[in-house]
Every structure is written in C-alpha cells, then in structure tokens.
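The structure appears below as structure tokens.
The values are calculated or read from the model by the stated rules, or taken from the named source; none is laboratory data. Bear in mind the structure is a predicted one, so any value in this text is a computation, not a measurement. Heads up: the accessible areas ignore ligands, DNA and RNA and are worked out on the full protein's heavy atoms, side chains in. Shrake-Rupley method; radii C 1.70, N 1.55, O 1.52, S 1.80 Å.
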Amino acid sequence: MKAGEIAGVQEALERLGIAEINSGAGWGEWIERPRGGDLVSINPSDGSQIARVRMAAAEDYEEVVRHAAETFPRWRDYPAPKRGQIVREIGDELRRHKNDLGMLVSLEMGKVFSEGLGEVQEMIDIADFAVGLSRQLYGLTMPSERPSHRMYEQWHPLGLVGVITAFNFPVAVWSWNALIAAVCGDCVVWKPSSETPLVSIAVQKICDRVFARHGWKGVFNLVIGRGTDVGERLIADRRIPLISATGSCAMGYRVAEAVARRLGRNLLELGGNNGVIVMDDANLDLALRAVLFGAVGTAGQRCTTIRRLFLQKGIARRMTESLVAAYRQIRIGHALDPETLMGPLVNRAAVDEMMRGLERIREQGGEVLYGGNRLDLPGGCYVEPALVKAHPEMLMLREELFAPVLYLVEFDRLEQAIEWHNSVPQGLSSAMFTTSLISAETFLSAGGSDCGIANINIGTSGAEIGGAFGGEKETGGGRESGSDAWKAYMRRQTVTINWSNDLPLAQGVKFEL
Ligand code: UN1
C-alpha cells in the first residue's frame, strides 16, 4: 500500500503543502534547490515512499544561519508579550492542523495515530504555556547591603538556539524548545532527524505563515541535512550560544564536547533506562495498565519508555503472568489502522539492533518469556514486543536498547530495589507502584530515585508539559518544557544601581586617597 492510498493521506499531505519534492532549508523563504542531495521519507508501516526532500549542504546552512543572525536583534527588541501573541497564533494553527500533523507523525515514524495526535497536543499545550510565560519572564530583586543602592536581576534573550531533534518525538520536542525560545526573544535553527523530514517541513510552513502575517521571517529556521554537512557545523558554530539536543548518549557526548570546546552552552536530553518498582502492596491492575503503555507505547521508542521492571517477590509471579497474557493481546500493525496498539519500529536498522540486543541478552543469561521475534509484514519494520526475565547483574540492564524489550527483575526488600534501580548510567524517569506512604516517600527522598522524574502510581512516560523535563547522569542534565526551564534560553544579568552621591564599597572595603 502506498502512502497516498491510505484514506485521506494524500489530501492531508496536500493541505500541509508537502506532497511532492520539498526543500529542506528555509528561514521563512525556502532555498529552491539546496545542494545536500536527496532524502526519501519512508513510511515504516509499509516501506512505501511518502515524499522527497532536498537536503541542505554547507553553503545552504550558511545562508539559513545568516538570515537567523540578521533577524535576532530585531526579534530581541520586539516586546515579549507581542512575541507571545505570535506564538498564540501558532498554537491556533496547530489546533487547526492537529489531525493532518498527527497523521503525518504516524506515517513518518510509525507511532499509532492516537499517539501522533498526542504529540501535536503536546505542541499546542506548550504554545499555551509559552503565551502565558511571555508576560512572566520574571527576575528577582534583592536587598543591597549598601544604602541607597538597588539590586535586581533581569533576563535578556540569548541569541540563536540550535535545536537537534530525534525521530521519536519529531515535532513535540522541537516545540518545547522553539516556542519557549521564541517568547524569550531567541531565533531558532532546527536540525530534525533524517527519519522525519516531512513533518518538520510541514511545521515550519505552518509557522512561516503565522510569522509572515506579522511581517517576520528568520525567527524559526530549518536545515535538514547530514550530520557531516549540517550537524557538525551547527554544534561548532560560535554564532549559536546554545545547542539543545535530543538523542542517544553517544550523540550527546559528541555534542557536549564540540560545544564545550567553544564554551557554549548545551541542553542535553539523552538516553533513558527507566525503571519501575512494583511493591507487594501495589494496586496491580493500575500497575499492569501503566507498564503496558510505558513499555509498549511508541513501540518502546520513547526516551521515557519503561525498560526495567522490579517486582517484589509476593506479586512477581502474578504480575509476570498478567504481563505475558496482556502482551499476547497486543495488536501489531500499520500505525494508522485504528485497531493497532503497537506500530512498526522506525526502520529496519532498528529491528536489526533489537535482534542483536536480544542475542546478547540470551548470552548473558536473560530468559525471553514472551515475544522478541521479527514479524514478516510489509516494510520489514515489525517486531513482537519482548518480556525478559533478567538477573540484576546482567550487563544489558545498563544499556538503553531502543526497542520494546522489558526486563523483569525480582527483589525482596525496597532498599535492594532502589539500589538496583539506581545502578545504571542513565537517570531520566522512574516510578513506583505502592499504596504505602512509607515506601512512596522513601522512593522520593534524596536517597531514593536518582532520576530527573519520579512518579508514584503512574508510569515513567507520558509526562505533562507543565513540569521541567529531563534527567541526570548520562541523560545529560538538561531541563526543557515547563516550570522555569525557560531560563536556559536567556542570559541573566545582575544589576546594581547606586542612587546616592556616595560610593560605599561592598564588604566594607575602604579604598580612598
Ligand atoms: C522523548 O521520548 O524524547 O514524557 C520525549 C513523555 C513525552 C515526551 C517524551 N511527553 O513520554
């Protein structure tokens, strides 16, 4: 089945203006023929070609960044609440195009339609949040130790922000960065994943139209291209004070190194290896539903996916049996089929990676209780999700295998579970299922979960935009989205004003002729 043959898809692509050959480089105008070669966007649900994109080469990158840099001083000086009004209109347009965009997300990377829609809703939510924020970029005032002196801090726009996004949340994570950066007064240069070029072009086009209504271009900018042509240039570019990147830990090490070499700032959102602890006293029905969504949703390709499940001895057998029974019922198929619960992996390489991972799991003594097979369906990207009985010392437990593989580990005591839970290099999201206040508070205390996100009676994935999102250790330490994550996109200036005719020095220092 061709992409265009699925009911409504061709019309959606046309409404979004991406049905044919697309330019992958623009700042509000598109470079007609960028010179970085062609990229074909493939639908992993059936292996068909969706459309074609011309990628940016080094000179196209230069042209885009030049426009962004020229725009910045004007955008910086445009009042923040007015910037917020433009973001409000972007939110309105996203609402209008929610179905088409959600469908395109599903088509390009294979998450089921309901999750595709959820992704667009996440963009709409952050737009609303950013609008409010545009009137709340507050600084503090502090009492001065000197008479007739006033001290305060103010937040200024930072400049250009480079945003590198991954295939699994191809547009939502961009919006966390871009919509907040925009109200903060920054211009954004976006390098999306090469797996998802079309949906990024569609979003850029929607934003372009809104900006054009207000006489702006160059605030949001897009460069689709190879890592060597575009990615490496972006991270090394001294005109770009902040690089926000989402992806693997390996990618994060590369970005951090290149950005540090020029003393730039980075905001990293890297691998997760998220654990859930289920206590004997938990509501198991709740735990089962949460684990299913957290481990199988997005075919195990969220950075927040549940990968390690720690089961207390008293409920381990029951929970394992319920999971196997539930996994048997998971309907696997085309991402846009309303019956489907789990779509394909993003590409064939991801399937190979999962199969290699499962081999290593078996070598290390892991026992596959269910699933883990490649499925012979069109496109070649389908797998069964896997349940693996694992020993706590298994090396694979320390890795993020970006596929639907869930490790089950039994434990006796809570302290033991917390120790095992924390004994991995990554630290993004975590959860506990319990009805005991003492267990819950132990998990949330400073000696409990070492992750950036810790939940009780909720899975590890599906965070709301209102909180700060990000993790510790090899996850990279960045915080995006809600709360005060906006501060990463601005520079803080501490101001002291002397409104007297004396010059008292701080700390009582005397220095007079
Ligand atoms: C990601 O997988 O990179 O919490 C982001 C969640 C989503 C975001 C995931 N709101 O699962």
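If you bin the C-alpha pair distances of the chain every 10 Å from 0, what whole percents do you get?
Each 10 Å bin holds this share of Cα pairs: 4, 19, 27, 25, 15, 7, 2, 1, 0.
In square nanometres and to one decimal, what's the mean projected area of the convex hull around the Cα atoms of segment 274-456?
Mean projected area for segment 274-456: 9.8 nm², to one decimal.
When all alpha-carbon pairs of segment 116-262 are counted, what percent fall beyond 20 Å?
53
Using each residue's phi in segment 111-121, evaluate 6.51 cos²θ - 1.76 cosθ + 1.60 at θ = phi - 60° and report the 3J(HN,Hα) Karplus result to the nearest Hz, with x for Gly and Pro.
Result, ordered by residue: 6, 5, 4, 4, 6, x, 5, x, 4, 5, 4 Hz.
Given the DSSP H assignment, sum -39500 (n - 2.57) over each helix run of at least 4 residues in the chain and divide by its residue total; what's the result at 222 nm in deg cm²/dmol, nearest 500?
Helix contribution divided over all residues of the chain: -11500 deg cm²/dmol.
Using a 1.4 Å probe and counting only protein heavy atoms, arrange Glu367, Glu119 so the residue with the most accessible area comes first.
Heavy-atom accessible area, descending, gives Glu367, Glu119.
Can you work out the Karplus-derived ³J(HN,Hα) for every residue in segment 157-166? Use 6.51 cos²θ - 1.76 cosθ + 1.60 with θ = phi - 60°, whole Hz, and x for glycine or proline.
So the J values, rounded to whole Hz, are x, 8, x, 8, 10, x, 10, 10, 10, 9.
What do you reckon, how do Cys249, Cys207 stack up by accessible area (1.4 Å probe), largest on top?
Cys249, Cys207
Hand me the tally of lysine pairs in the chain: alpha carbons under 23 angstrom apart, and the pair either on different chains or 8 or more positions apart.
Going through the chain pair by pair, I get 16.
Near the amide H of Val405, under 5 Å away, which other amide H atoms are found, from residues 5 or more places off or on another chain, if H is placed in the peptide plane?
Excluding prolines and chain starts, which carry no amide H, the hits are Ala386.
Enumerate the amide H contacts of Ser23 below 5 Å, restricted to partners 5 or more residues apart or on another chain; note that Pro and chain-start residues carry no placed amide H.
Arg54
What is segment 274-456's relative contact order, in percent, from Cα pairs under 8 angstrom and six or more apart in sequence?
27
Once amide H atoms are placed 1.01 Å from N in the peptide plane, what residues at a sequence separation of 5 or more from Leu369, or on another chain, have their amide H within under 5 Å of its amide H?
The list, which skips near neighbours in sequence, is Leu387, Val388, Lys389.
Enumerate the calculated ³J(HN,Hα) couplings along segment 423-432 in order (Karplus 6.51 cos²θ - 1.76 cosθ + 1.60, θ = phi - 60°), each rounded to whole Hz, writing x wherever the residue is Gly or Pro.
Values, residue by residue: 8, 10, x, 8, x, 8, 10, 7, 7, 10 Hz.
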